[in-house]
1. Can you compute the charge dipole magnitude of the stretch 2-58 about its Cα centre, using +1 on each Lys and Arg Cβ and -1 on each Asp and Glu Cβ, nothing else charged? Give it in debye, rounded to the nearest 20.
2. Based solely on its DSSP helices, what 222 nm [θ] is calculated for the chain when runs of n ≥ 4 H residues each add -39,500 (n - 2.57) and the sum is averaged over all residues, nearest 500 deg cm²/dmol?
3. In terms of Cα to Cα distance under 20 Å, which aspartates and glutamates are near enough to K76, apart from those fewer than 8 places away along the same chain?
4. Determine the percent antiparallel among the DSSP beta bridges restricted to the chain, to the nearest 5.
5. Which one of T73, T34, T50 has the biggest mean-square fluctuation once the chain is modelled by GNM with Cα springs under 10 Å?
6. Extending each Cα 7 Å along its Cβ direction at M7 and K65, get the distance between those two points in nm, one decimal.
7. With the contact rule set at Cα under 8 Å and sequence spacing of 6 or more, what percent relative contact order holds for the chain?
8. At 0.36 nm per residue, minus the direct Cα-Cα distance, what do H20 and D83 gain on full extension? Give it in nm, one decimal, please.
Amino acid sequence: MTTGGLMDVGIRELRDGLSHFLAEVRGGQTITVTDHGKPIAQIVPVSVPTALERLIAEGRVTPAKRRKRPAPTPIKTAGPVSDLIDEQRR
């Protein structure tokens, strides 16, 4: 089934006609894979930019200037977190 330039394909249909559908993707078509009518994945041509790449190109999103910092080292405690909070409030 095709909707709005996208092609919806069920899992069984995709499995049975994989070569055909991959040829469609090579031709620029985006395929939405469905399971019982619900979308679960998309197969897109490699040259198609991701949503984030499009937003960056449009200037609507600015990529991070530095990498995400690692999470802090967890605090070891013998009791529940609520005891630590009570202790901090004193």
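1. In total the dipole reaches around 80 debye.
2. Calculated mean residue ellipticity at 222 nm is -9500 deg cm²/dmol.
3. Straight-line reach from K76, under 20 Å: D86, E87.
4. 60 percent
5. T73
6. 4.5 nm
7. Relative contact order comes out at 18 percent.
8. 16.5 nm
Any read-out appearing in this document is the output of simple, stated calculations on the displayed coordinates, not a laboratory observation. Please read these numbers as outputs of a predicted model, since none were measured by experiment. Note that we place each Cβ from the backbone using ideal geometry, even for glycine, and neighbour counts take in every protein chain shown.
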